[in-house]
Amino acid sequence: MKLLILILIFIGCSTSHKPKDLSINSVQKESSNKISIMDIEDSSIQEEEVKEKKEKPKISLIVHSSLYHSISLLFVLKQLDEKQIKLSSLSCSGFSTLICALYAKEEKLNFVEWKLFDLLKKLQSKKVYSNEWNELLRDFLVKEFKNTKFSDLKLKLFIPSQYAGKILVNQSTLMKELIASVNIESKHNYLLNPLEFKFKLRELGEKNFSSILLLPEQVSFQSVESYKYGLMTSYLGRILKNKVTSELNVIYGKGKFALDAVKALSFYETTYNDEIKKYIDKLMLEISELEKEQQENIYN
C-alpha cells in the first residue's frame, strides 16, 4: 500500500512539472522572436540614418548681379551638373534673378538656354534700364511666371529685397519679386542696399553657402544713364569691398567689357570658362571637407 502511494506521488509530481517546462520554453521562444524583430528594425533605422549622413552635401548658391555678364551663370550651372554637385537653393538679385528663376522652374539647362537666346535677341536694341527695356523684361516675366508660385519651382529660389534698411527674402509673389529685382528703380531693389542676408537663409534652413559674382577683369558701361550708372557702380563697389568678410568668390572674365552690352551666349562661355573651372575645383574641395565632417559626426 505504501509502495502504491509512493508511485502515485511520483507520477503526480512528474506530470505537474511538464506544463511549467512547456510554458517556460514557449515564453523563451516568443521573447527570442520579438528581440530578433526589434534588432532588424533598429538595424534598418540605423542604416537609413547612416545613408542620410553619407549623402553628398548640397550647396546653397548665392549669385550677385553683373547685368548681362550674369548670363555666365548658365555655364556655372553646366559645370556643377557635370561634376554632380547638387544645389539646395539659388539666391539671386538683379539680372541674375532671371537666369536663376528660369533654372529653378524646370531645372533644365537647355530650357534656360533657349529662353535666354530668344530674350537676348529682343533686348539687343534696348538701352539697359530704359522704359522699353523694363517693359520688355516685365512682359517676359509675366508670360513665364504669371501662374507660378515659389512653391511650384523645382528648386528653392530666394530673392532678397530691402525694406526700411533691412534685407528680407520672398516678400511678395514670385512674379512681383522678379519684376522688382530686375528693375533697379524699384524702391525695394536689393541692389540699392546690398547687405549680407545669409542669416535670413539660415533661418529658413539653408547651409553650405557659396557666393559668386561674375565680372570682367576691367568693367565698363556702354549706355547706362548717369544716375543708374551711379547705382550700379555703387552696388558693385560695396559688394567687392566686403568680398572677404562675405566669402565672395569673384569669377573674373578675361578682358575689358561693358556690362550693359549684349553678347552671344558663346561669348560668355569663352570669356569665363577657365575661371569657372577653377571655382568648381575649389568648391569640390570644400565639399570634400564637409563630407569629412559628416563622417566624423557619424562616429562621434
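The values are calculated or read from the model by the stated rules, or taken from the named source; none is laboratory data. Values in this document were obtained by computation on a predicted structure and should not be read as measured data. FYI the Cβ positions are ideal-geometry reconstructions off the backbone, even for glycines, and counts take in every protein chain you see. Heads up: the accessible areas ignore ligands, DNA and RNA and are worked out on the full protein's heavy atoms, side chains in. Shrake-Rupley method; radii C 1.70, N 1.55, O 1.52, S 1.80 Å.
All C-alpha to C-alpha distances of the range 144-300, sorted into 10 Å bins beginning at zero, yield P(r) values of 9, 28, 37, 21, 4, 1 percent in whole numbers. A simple charge model with +1 on the Cβ of Lys and Arg, -1 on the Cβ of Asp and Glu and nothing else charged puts the dipole of the range 111-240 at about 300 debye relative to its Cα centre. Other residues with beta-carbon under 13 Å from the beta-carbon of Leu155 carry, at +1 per Lys or Arg and -1 per Asp or Glu, a net charge of +1.
Based on Cα atoms of the range 218-300, Rg over Rh with Rh as the Kirkwood radius reads 1.15.
A cut-off under 15 angstrom between Cβ atoms defines the neighbours of Glu247, and their net charge, with Lys, Arg +1 and Asp, Glu -1, is +2. Per residue, the accessible area of the range 123-165 comes to 58 Å² when a 1.4 Å probe rolls over the protein heavy atoms. Derived from the Cα gyration tensor, the three semi-axes of the equivalent ellipsoid of the range 139-206 are 20, 17, 8 Å, largest first. A protection proxy built from the mean count of other Cβ atoms within 10 Å ranks the segments 280-288, 97-105, 73-81, most packed first, as 97-105, 73-81, 280-288.
On average over all directions, what projected area in square nanometres does the range 168-227 have, based on the convex hull of its Cα atoms? Could you put the intermediate results ahead of the total?
Values: hull surface 23.9 nm².
Projected over every direction and averaged, the Cα hull of the range 168-227 covers 6.0 nm².
May I ask you to list the trypsin sites (Lys or Arg not before Pro) in the range 168-268 that are in a DSSP loop and have at most 16 other Cβ atoms within 10 Å of their Cβ? Could you put the intermediate results ahead of the total?
On the way: sites: Lys176, Lys187, Lys198, Lys200, Arg202, Lys207, Lys228, Arg238, Lys241, Lys243, Lys254, Lys256, Lys263; in loops: Lys187, Lys207, Lys243, Lys263.
Passing sites in the range 168-268 are Lys187, Lys207, Lys243, Lys263.
Backbone geometry of the range 133-147 corresponds, through the Karplus equation with coefficients 6.51, -1.76 and 1.60 at θ = phi - 60°, to 3J(HN,Hα) couplings of 5, 5, 5, 5, 5, 4, 4, 4, 5, 4, 4, 7, 10, 3, 9 Hz, x marking Gly and Pro.
What dipole magnitude, in Debye to the nearest 20, does the range 207-249 give about its Cα centre under +1 on Lys/Arg Cβ and -1 on Asp/Glu Cβ? Mind showing how you got there, number by number?
Values: 5 positive and 3 negative charges, 38 e Å.
Roughly 180 debye for the range 207-249.
What order do Tyr235, Tyr252 take when sorted by accessible area (1.4 Å probe), most exposed first?
From most exposed to least exposed: Tyr252, Tyr235.
Remark: the range 204-220, residue by residue, has Karplus-estimated 3J(HN,Hα) of 8, x, 7, 7, 6, 7, 9, 9, 9, 9, 9, 8, x, 4, 10, 8, 9 Hz, where x stands for each Gly or Pro and the curve is 6.51 cos²θ - 1.76 cosθ + 1.60 at θ = phi - 60°.
State in Å² the accessible area per residue of the range 239-300; use a 1.4 Å probe, count heavy atoms of protein chains only, and round to the nearest integer. Can you show the working numbers first?
Values: 3840 Å² over 62 residues.
Each residue of the range 239-300 exposes 62 Å² on average to a 1.4 Å probe.
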